[in-house]
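Chemist: The structure is given below, and queries will be raised subsequently.
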Amino acid sequence: GVVWDVHSEQWNRNYCLLIKFQQREGHSHVANNHIEDGIRLGRWLCKQRQRRKKGKLNIKCENQSDKIGVVWAFSSHYI
């Protein structure tokens, strides 16, 4: 079908990949250079953290990410 909201569709696709990663690895600490099914998942999650820090991440997206244990701020030795 026709996708009316491309940004939302892309976010949902990446979020599903994050869930897949979390279920397999037991955590949501994705390395910045991690690629999942051809998608730069680590880079995407890094961008989500940046958007949240700037107050630009949709609250629905933030809440969904919270549910699967996304850590929003790391000490520098984690990244």
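The values are calculated or read from the model by the stated rules, or taken from the named source; none is laboratory data. Treat the numbers as computed from the prediction; the structure is a model and nothing was measured. So basically every Cβ, Gly included, is an ideal-geometry build from the backbone, and we count neighbours across all protein chains shown. Quick note on the areas: whole protein, heavy atoms, side chains included, nothing else; ligands and nucleic acids left out. Shrake-Rupley method; radii C 1.70, N 1.55, O 1.52, S 1.80 Å.
Chemist: Answer yes or no as to whether Gly42 is modelled with pLDDT under 95 and either touching a Phe, Trp or Tyr at 6+ places or on another chain (Cβ under 8 Å) or of a type outside the set (A, V, I, L, M) (or both).
Modeler: The answer is no for Gly42.
Chemist: While we're here: Quick check on Lys60: is it within 25 Å of Asp5 (Cα to Cα), assigned to a helix (DSSP H, G or I) and either of a type outside the set (Ser, Thr, Tyr) or open to solvent by 80 Å² or more (accessible area, probe 1.4 Å) (or both)?
Modeler: When the stated conditions are applied, Lys60 passes them.
Yes or no, residue by residue, for (1) among the hydroxyl-bearing types (Ser, Thr, Tyr); (2) modelled with pLDDT of 95 or more; (3) surrounded by 11 or more Cβ atoms within 10 Å (Cβ to Cβ):
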position	(1), (2), (3)
Ser8	yes, no, yes
Cys16	no, yes, yes
Ile35	no, yes, yes
Gly38	no, yes, no
Gln48	no, yes, yes
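Chemist: Related question: Quick one: in segment 18-33, of everything that is closer than 15 Å to Ser65 by Cβ and outside any loop (DSSP other than H, G, I, E, B), which residue is most open to solvent (accessible area, probe 1.4 Å)?
Modeler: Gln23
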